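The values are calculated or read from the model by the stated rules, or taken from the named source; none is laboratory data. The structure presented is a predicted model; accordingly, all values stated were derived computationally and were not measured. Neighbour counts are summed over all protein chains in view; Cβ atoms, including those assigned to glycine, are modelled from backbone coordinates with ideal geometry. Note: areas computed on protein heavy atoms with side chains; ligands, DNA, RNA excluded. Shrake-Rupley method; radii C 1.70, N 1.55, O 1.52, S 1.80 Å.
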Amino acid sequence: CRHRAGSVIALVPTPVPYAGNAARHAQDAERDSQLSRRIAHLRLATFLIATACLLWTLSRGATPVLVVPAVLLFAVFGVLVAWHARVDERVAWHDALRIVNLRAMARRVRDWHALPSGDAPDGIDLTDHPYALDLDLFGRASLFQWLGPGATPRGRTTLATWVLRPAPLVEVVERQAAVRELAACDEWRLKLEAHGVLAAGARQN
């Protein structure tokens with residue numbers, strides 16, 4: 001809240017436009033995908049022409065004057081390979097951002113079918129746990145599914161451990177302080193999660 005002219009004004013956080021973000025990143029990914037296909041065709045054409053030029057040069061006797069065009073064409077091919085890799089990285093990045101925004105939408109409306117599985121990580125036995133089964137901490141529509149997924153097996157195990165084991169009071173307070181600080185960093189959190197999607201090799205709808 002903030003006081004102004006004797007009144008109290010409530011500062012309500014602006015909802016993140018997840019749907020708009022997902023649509024925008026889908027368009028960006030499609031645009032870069034089209035560019036990637038054009039570069040791929042150009043790479044192939046450049047390589048074939050350079051190879052043909054080199055073979056023709058060798059058949060005529062490899063003189064510096066005749067070799068230069070082939071070398072230049074292969075240099076252009078190398079530039080296209082590097083450019084193609086950067087464009088494909090942008091496609092993967094926009095696709096990852098699309099995924100995290102769709103997942104954020106799903107969490108907001110509790111669309112469990114659109115979220116990754118909430119099963120407990122391998123190696124965690126819940127049989128004798130005092131409250132995990134009663135509170136449905138894992139599985140469909142669980143806290144673990146709503147919070148996750150972890151980007152790596154170690155991350156999933158760490159998250160599961162936090163859910164299963166009460167933390168010391170000092171650690172709880174520190175986590176709450178971190179949550180308050182990060183709550184307003186919407187763009188940063190989405191980008192961090194996108195890096196997690198890329199780390200997990202997730203390219204999915």
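Every test in (1) under 27 Å from residue 187 (Cα atoms); (2) modelled with pLDDT of 95 or more is passed by residue 43 save one, and that test is (1).
Here residue 123 does not qualify as without any contact (Cβ under 8 Å) to a residue 40 or more places away in the chain, within 28 Å of residue 43 (Cα to Cα) and either among the small types (Gly, Ala, Ser) or surrounded by fewer than 16 Cβ atoms within 10 Å (Cβ to Cβ) (or both).
Does the range 44-51 include one or more residues that are under 30 Å from residue 166 (Cα atoms), open to solvent by 90 Å² or more (accessible area, probe 1.4 Å) and either without any contact (Cβ under 8 Å) to a residue 12 or more places away in the chain or not polar (S, T, N, Q) (or both)? Outline the logic, then answer.
Of the residues in the range 44-51, the ones under 30 Å from residue 166 (Cα atoms) are none.
There is no residue in the range 44-51 that is under 30 Å from residue 166 (Cα atoms), open to solvent by 90 Å² or more (accessible area, probe 1.4 Å) and either without any contact (Cβ under 8 Å) to a residue 12 or more places away in the chain or not polar (S, T, N, Q) (or both).
The single condition among (1) surrounded by fewer than 18 Cβ atoms within 10 Å (Cβ to Cβ); (2) part of a helix (DSSP H, G or I) that residue 117 does not satisfy is (2).
Only one of the numbered conditions (1) farther than 25 Å from residue 156 by Cβ; (2) free of Cβ contacts under 8 Å to residues at least 40 places away in the same chain is violated by residue 130, and that is (1).
Against the numbered list (1) surrounded by 15 or more Cβ atoms within 10 Å (Cβ to Cβ); (2) under 30 Å from residue 50 (Cα atoms); (3) over 19 Å from the mean Cα position of the chain (by Cα), residue 129 comes up short only at (2).
Quick one: which of 140, 175 is open to solvent by 70 Å² or more (accessible area, probe 1.4 Å), more than 23 Å from residue 19 (Cβ to Cβ) and in contact with a helix residue (DSSP H, G or I) (Cβ under 8 Å, 6 or more places away or on another chain)?
Details: 175 fails: in contact with a helix residue (DSSP H, G or I) (Cβ under 8 Å, 6 or more places away or on another chain).
Going through 140, 175 in turn, the sole match is 140.
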